[in-house]
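Enquirer: One structure, pasted below without further comment.
The values are calculated or read from the model by the stated rules, or taken from the named source; none is laboratory data. The shown structure was predicted, so the numbers you read here are calculated from the model rather than taken from an experiment. Note that we place each Cβ from the backbone using ideal geometry, even for glycine, and neighbour counts take in every protein chain shown. Ligands, DNA and RNA are stripped out before the accessible areas are found, and what is left, the full protein with its side chains, is counted by its heavy atoms. Shrake-Rupley method; radii C 1.70, N 1.55, O 1.52, S 1.80 Å.
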Amino acid sequence: MTSIDLNADLGEGFGRWRLTDDERLLSVVTSANVACGFHAGDPVTMRRVCELAAERGVRIGAQVSYRDLAGFGRRAMDVPSAELAAEVAYQIGALEVFARAAGARVAYVKPHGALYNRVVHDEEQAAAVVDGVLLADAALPVLGLPGSRLLELAGKAGLPVVTEAFADRAYTDTGTLVPRTLEGAVVTDPDAVVERSLGLARSGEVVSRSGTRIEVHARSLCLHGDTPGAVELARRVRERLEASGVRVEAFA
């Protein structure tokens, strides 16, 4: 039977500001990418999300980012390699404290935003992220885009690698994500997102922004928690997958 993991970005708030409906999303997804304080999140939020995830058996992932609270981690930044490696390890370590307190562990690492897109092609920044993961835990899986420099270097370093796809993001013909600065970068039609999810899970294919059918083989499917109606959309995706014979389960 075909199986796939459903992951979502969670804990993306700060202080009194809340962006994601963490509790309801954790009743649908199988893996939670928890913000570690650099693009969003704070100690109280991180602890709360870890506790909720542990209660529901959802895997906890460290979503590491550039230090960019004001820009939500989506602004391009140039960070020296040694500094970036240390900051990646720092974020993982901070989340691990709360995961352990909840009776769980950090199960994987996923970059966020500008860092995620940068390490698709940038070998130096990708290597720094890998160094940071190795510093924190040399057995942690790394979640990222198929064919990225990040996954290539992580695999060479002995880290488990996990590919992911995005049902609610537009793709280029080469299999990369269309930049958010371009029109149509985010797929907003719920029916389209549901059908794209099924295609990615069952055939490893999706239609690019230009209308070309491309291959995107992934073990995990990301659903953004900050989109309007995210909970209901995630529930529809999961129900459609399971009704079509796809087993939804965590990869870690």
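Enquirer: Of all residues being polar (S, T, N, Q) and open to solvent by 20 Å² or more (accessible area, probe 1.4 Å) in segment 1-29, which is farthest from the chain's Cα centre (by Cα)? Just the residue, please. Break it down stepwise before answering.
Expert: First pass over segment 1-29, keeping only residues polar (S, T, N, Q): 2-3, 7, 20, 27.
Subset that is open to solvent by 20 Å² or more (accessible area, probe 1.4 Å): 2-3, 27.
Working: T2: 21, S3: 18, S27: 17 Å.
The selected residue is T2.
Enquirer: Tally time: how many residues in segment 225-245 are under 18 Å from R59 (Cβ atoms) and open to solvent by less than 40 Å² (accessible area, probe 1.4 Å)?
Expert: So the count comes out to 4.
Enquirer: Could you list, in sequence order, the residues of segment 161-171 that are part of a loop (DSSP other than H, G, I, E, B) and either under 21 Å from Y66 (Cβ atoms) or out of contact with any Gly (no Cβ under 7 Å at 6 or more places or on another chain) (or both)?
Expert: Within segment 161-171, A167, D168 meet the criteria.
Enquirer: Right, L135: out of contact with any strand residue (DSSP E or B) (no Cβ under 6 Å at 6 or more places or on another chain) and either farther than 18 Å from L10 by Cβ or modelled with pLDDT of 95 or more (or both) or not?
Expert: yes
Enquirer: Just name the residue that is farthest from V186 (Cα to Cα) out of those in segment 129-160 that are without any contact (Cβ under 8 Å) to a residue 60 or more places away in the chain and in a strand (DSSP E or B).
Expert: V142
Enquirer: Another one. Filter segment 200-224 down to the residues that are open to solvent by less than 40 Å² (accessible area, probe 1.4 Å), touching a Gly at 6+ places or on another chain (Cβ under 9 Å) and in a loop (DSSP other than H, G, I, E, B) and list them by number.
Expert: Correct list: S208, V216, A218.
Enquirer: Within segment 8-17, is there a residue that is modelled with pLDDT of 95 or more and assigned to a helix (DSSP H, G or I)?
Expert: Looking through segment 8-17, none of the residues is modelled with pLDDT of 95 or more and assigned to a helix (DSSP H, G or I).
Enquirer: Let me ask another. Any idea how many residues of segment 19-44 are touching a residue at least 12 places away in the same chain (Cβ under 8 Å) and farther than 25 Å from E239 by Cβ?
Expert: Qualifying residue count, segment 19-44: 9.
Enquirer: Can you tell me which residue among T174, T227, T212 is modelled with pLDDT under 95, at negative phi and over 16 Å from the mean Cα position of the chain (by Cα)?
Expert: Just a single option satisfies the conditions, and that option is T174.
Enquirer: So, in segment 118-131, of the ones that are within 18 Å of the chain's Cα centre (by Cα) and more than 23 Å from G93 (Cα to Cα), which residue ends up surrounded by the most Cβ atoms within 10 Å (Cβ to Cβ)?
Expert: V120
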